[in-house]
Ligand code: UGA
Ligand code: MN
């Protein structure tokens with residue numbers, strides 16, 4: 001069965017580097033359709049070039065964050081939600097079997113992850129390595145049975161999981177026509193998984209050797225100032241003459 005990888009992305013100095021790294025991981029995975037959805041009002045040729053050069057079966061789309069969230073001055077924003085919902089819509093329109101996975105552009109993926117999630121029948125859960133004090137976000141498994149969630153922040157969530165910690169079968173998604181991700185910072189995963197109701201955490205398939213292996217890391221790239229030499233949309237070496245000194 002094919003894997004549908006939904007990757008939200010947005011413009012910032014590290015974007016091309018992240019997508020280069022992720023594309024080179026996904027190039028090693030068979031039977032994969034990569035949905036790259038940018039939080040922007042137009043596409044970017046530099047990104048399309050990276051995607052094209054990967055040789056992957058990809059679809060590059062845009063889905064800007066709604067302005068009421070984009071213009072928010074305080075508090076967290078619902079990052080990547082418009083992008084992921086666009087990806088879900090694409091799957092509803094174009095896919096009939098397989099498995100979907102939300103792969104943020106800045107995380108680190110072990111190839112075994114893709115082997116593990118490919119046979120997900122409903123929803124699968126697995127650990128995500130964190131670079132925070134908690135160290136991991138994972139289902140707690142005792143004698144092969146789901147016992148709850150471990151996460152640095154449970155926050156009263158029914159599904160206290162990281163965005164990188166679950167996969168969903170396409171057929172299961174299609175059987176839940178109203179499922180989507182809410183614009184609720186911190187509660188995107190929980191809201192999406194709850195929208196797949198009826199479905200309980202205890203019904204999930206526990207992967208990665210009963211959740212004892214970490215096959216994906218929630219890494220973060222340090223934020224940087226916009227660069228003078230590499231515009232988000234173009235890089236022209238001759239400009240370096242005028243930038244020198
Ligand atoms: C964590 C979660 O893992 C994300 O899935 C979740 O969306 C995010 O928190 C949140 O709730 O805000 P984190 O590493 O903190 O992730 O967030 P980012 O990596 O900055 O963003 C998540 C994804 O959304 C990335 O793929 C990023 O490229 C994209 N994004 C981010 C946008 O499309 N637009 C933005 O303005 C920011
Ligand atoms: Mn991230």
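Coordinate-derived values only; no laboratory data. Predicted model, so just to flag it, every value in this text is computed and none were measured. Reconstructed Cβ throughout: ideal geometry from the backbone, glycine too, with neighbour counts over all protein chains shown.
Scanning segment 109-126 for residues that are within 16 Å of ligand 1 (Cβ to nearest atom) and touching a strand residue (DSSP E or B) at 6+ places or on another chain (Cβ under 7 Å) yields a count of 3.
Of the residues in segment 132-143, at least one is surrounded by 21 or more Cβ atoms within 10 Å (Cβ to Cβ) and within 16 Å of ligand 2 (Cβ to nearest atom).
All told, residue 19 falls short of being in contact with a helix residue (DSSP H, G or I) (Cβ under 6 Å, 6 or more places away or on another chain), touching a residue at least 40 places away in the same chain (Cβ under 8 Å) and away from ligand 2 (no atom under 15 Å from the Cβ).
Scanning segment 30-49 for residues that are under 16 Å from the mean Cα position of the chain (by Cα) and either surrounded by 22 or more Cβ atoms within 10 Å (Cβ to Cβ) or closer than 19 Å to residue 94 by Cβ (or both) gives 32, 33, 34, 35, 36, 37, 38. Contact annotation: residue pairs with Cβ atoms under 6 Å, 6 or more positions apart or on different chains, pairing a residue in segment 154-168 that is over 14 Å from residue 184 (Cα atoms) and touching a residue at least 60 places away in the same chain (Cβ under 8 Å) with a partner that is assigned to a loop (DSSP other than H, G, I, E, B) and more than 16 Å from ligand 2 (Cβ to nearest atom), are 167/120. Evaluating residue 69 against the criteria (1) in contact (Cβ under 8 Å) with a residue 24 or more places away in the chain; (2) surrounded by fewer than 13 Cβ atoms within 10 Å (Cβ to Cβ) leaves one unmet condition, (2). Can you confirm whether residue 196 is under 23 Å from residue 6 (Cβ atoms) and within 16 Å of ligand 1 (Cβ to nearest atom)? In short, no. The residue that is nearest to residue 121 (Cα to Cα), counting only those in segment 74-100 that are away from ligand 1 (no atom under 14 Å from the Cβ) and out of contact with any strand residue (DSSP E or B) (no Cβ under 9 Å at 6 or more places or on another chain), is 96. Among the residues of segment 95-104, just one is within 16 Å of ligand 2 (Cβ to nearest atom), touching a helix residue (DSSP H, G or I) at 6+ places or on another chain (Cβ under 8 Å) and in a loop (DSSP other than H, G, I, E, B), namely 103.
Look through segment 178-191, keep the residues that are without any contact (Cβ under 8 Å) to a residue 60 or more places away in the chain and under 19 Å from residue 120 (Cβ atoms), and return whichever of them is surrounded by the most Cβ atoms within 10 Å (Cβ to Cβ). So the residue we want is 189.
The condition of being surrounded by 13 or more Cβ atoms within 10 Å (Cβ to Cβ), within 15 Å of ligand 1 (Cβ to nearest atom), closer than 29 Å to residue 19 by Cβ and without any contact (Cβ under 8 Å) to a residue 40 or more places away in the chain holds for only one of 151, 106, that being 151. Entry remark, segment 212-245: residues being surrounded by fewer than 10 Cβ atoms within 10 Å (Cβ to Cβ), away from ligand 2 (no atom under 16 Å from the Cβ) and part of a loop (DSSP other than H, G, I, E, B) number 6 in total.
If I ask for residues that are farther than 21 Å from residue 113 by Cβ and within 16 Å of ligand 2 (Cβ to nearest atom), which ones from segment 153-180 would you list? The one that is farther than 21 Å from residue 113 by Cβ and within 16 Å of ligand 2 (Cβ to nearest atom): 153. Taking the criterion of being loosely packed, with under 14 Cβ neighbours inside 10 Å and either in contact with a helix residue (DSSP H, G or I) (Cβ under 6 Å, 6 or more places away or on another chain) or within 25 Å of residue 112 (Cα to Cα) (or both), the residues of segment 192-211 that qualify are 202, 203, 209.
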